[in-house]
Amino acid sequence: MAETARAKKARAARILAQLGKAFPGAGIELRFETPLELLAATILSAQCTDERVNSVTQTLFRRYRRPEDWATAHPPTLEREIHSTGFFKSKARALIGMGRALVERHGGEVPRTLEGLTALPGVGRKTANVVLGNAFGIPALAVDTHVSRVSQRLGLTRATTAEKIHDELCDVFPRPKWTRASHLLIVHGRRICAARRPACPRCPVATLCPWLGKTRAEGG
């Protein structure tokens, strides 16, 4: 029998509670001090590890402190500075365009709305939700590859696109929990529910997971 919406919400609450116990320190791993820094770091994090981004931004943020600094950046120089994050040409264009848009359209302030953020160059829904949830404390659910994979395996969504996964998860989790849910699903995906070799025997939510592809303990 198919799981009812009410039952799924109850199971989702139990999943978050268990993951919260397993990963009490779960949170964003990108280092930032201002909304602008988080916005830039999240743009750089596309197809790149947070560890690498943090290494780059440690010196980068000393040179680019204001939207005007990004807006007037010298493209070849910025490309060299962010080269190790990958896709450096498109990321440099996005960062410069982002700076210009903030200066020209937002008085140098990072927008506090999904619509305002996604209108910026290089900013999609995921990036916007990362900024809203972590820089401004506005409940927002960011869907990356980990959130997609884990939520599908847990049977919290049957959707296959990031946008639909986002909308279905927002129906399952209460709004105040959206940002926390993102953090917990991401850390669980990184440490336990990996794409190729998930550590199901060590999974803190194994009894709540209907995934048929569960792995067993060696010798089990």
Does Asp167 satisfy the condition of being of a type in the set (Asp, Glu), part of a helix (DSSP H, G or I), closer than 20 Å to Lys8 by Cβ and free of Cβ contacts under 8 Å to residues at least 12 places away in the same chain?
yes
I'm told Thr85 meets every condition in (1) within 28 Å of His183 (Cβ to Cβ); (2) surrounded by fewer than 16 Cβ atoms within 10 Å (Cβ to Cβ); (3) touching a residue at least 24 places away in the same chain (Cβ under 8 Å) except one. Can you identify the failing condition by its number?
(2)
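Results for (1) hydroxyl-bearing (Ser, Thr, Tyr); (2) out of contact with any Asp or Glu (no Cβ under 9 Å at 6 or more places or on another chain), shown as yes or no for each residue.
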residue	(1), (2)
Phe23	no, yes
Gly27	no, yes
Leu30	no, no
Thr57	yes, no
Trp70	no, yes
His74	no, yes
Glu81	no, yes
Leu102	no, no
Working only within the range 1-43, note down all residues that are among the hydrophobic types (A, V, I, L, M, F, W, C) and within 30 Å of Leu78 (Cβ to Cβ).
Ile28, Leu30, Phe32, Leu36, Leu38, Leu39, Ala40, Ala41, Ile43
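Let's see how each residue does on (1) open to solvent by 30 Å² or more (accessible area, probe 1.4 Å); (2) among the β-branched types (Val, Ile, Thr); (3) within 19 Å of the chain's Cα centre (by Cα); (4) farther than 22 Å from Ala142 by Cβ:
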residue	(1), (2), (3), (4)
Leu44	no, no, yes, no
Phe61	no, no, no, no
Arg66	yes, no, no, yes
Ala71	no, no, no, yes
Within the range 99-135, take every residue that is small (Gly, Ala, Ser) and in contact (Cβ under 8 Å) with a residue 40 or more places away in the chain and give me the one that is most open to solvent (accessible area, probe 1.4 Å).
Gly122
Which residue pairs have Cβ atoms under 7 Å apart, sit 6 or more places apart or on different chains, and have a first residue in the range 28-54 that is under 19 Å from Arg125 (Cα atoms) and a second that is charged (D, E, K, R) and assigned to a loop (DSSP other than H, G, I, E, B)?
Asp50/Glu29
Just give me the residues in the range 1-31 being open to solvent by 60 Å² or more (accessible area, probe 1.4 Å) and of a type outside the set (Gly, Ala, Ser), in sequence order.
Met1, Glu3, Thr4, Arg6, Lys9, Arg14, Gln18, Lys21, Pro24, Glu29, Arg31
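The values are calculated or read from the model by the stated rules, or taken from the named source; none is laboratory data. Everything numeric here is computed off the predicted structure, so don't read it as measured data. For neighbour counting, all protein chains shown are included, and Cβ atoms are generated from backbone atoms with ideal geometry for every residue, glycine included. These area figures cover heavy atoms from the full protein model, side chains too; ligands, DNA and RNA do not enter into them. Shrake-Rupley method; radii C 1.70, N 1.55, O 1.52, S 1.80 Å.
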